[in-house]
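> Let me give you the structure first, and then I'll get to my questions.
The values are calculated or read from the model by the stated rules, or taken from the named source; none is laboratory data. Values in this document were obtained by computation on a predicted structure and should not be read as measured data. Each accessible area value is taken on the protein alone, full model and side chains, heavy atoms only, with ligands, DNA and RNA left out. Shrake-Rupley method; radii C 1.70, N 1.55, O 1.52, S 1.80 Å.
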Amino acid sequence: MKAAEIRNYTDDELKRLLEEKKKQLMDLRFQHAMGQLRNTAQIKEVRRDIARIRTILRERELGVRR
């Protein structure tokens, strides 16, 4: 998910998306621990998506414009 794509969401949608990504990360970590996860790069992608969402939410909170 690209940052430009994330910026099109509203704050409420971003918060909902953040919770979904956190749950997805938990599921991926569990699958990895159980040896069921084949593509471990998914964990990295989800972590980066979470970071992007948090960054954009924080930018909006501070009033940063781009």
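> For the full complex of protein chains and a 1.4 angstrom probe, list Lys2, Lys15, Lys22 by accessible area with the highest value first.
Largest accessible area first, the list is Lys2, Lys15, Lys22.
> Under the rule of -39500 (n - 2.57) per DSSP H run of 4 or more residues, summed and divided by the residues of the chain, what mean residue ellipticity at 222 nm is obtained, to the nearest 500 deg cm²/dmol?
-25500 deg cm²/dmol
> Now for a separate question. Given the Cα atoms of the chain, and with Rh set as the inverse mean 1/r over their pairs in the Kirkwood sense, what is Rg to Rh to two decimals?
Using only Cα positions, Rg/Rh for the chain is 1.06.
> Still on this structure, I have one more. Cross-link candidates for Lys44: which aspartates and glutamates have Cα within less than 19 Å, leaving aside residues fewer than 8 places away along the same chain?
Glu5, Glu19, Glu20, Asp27
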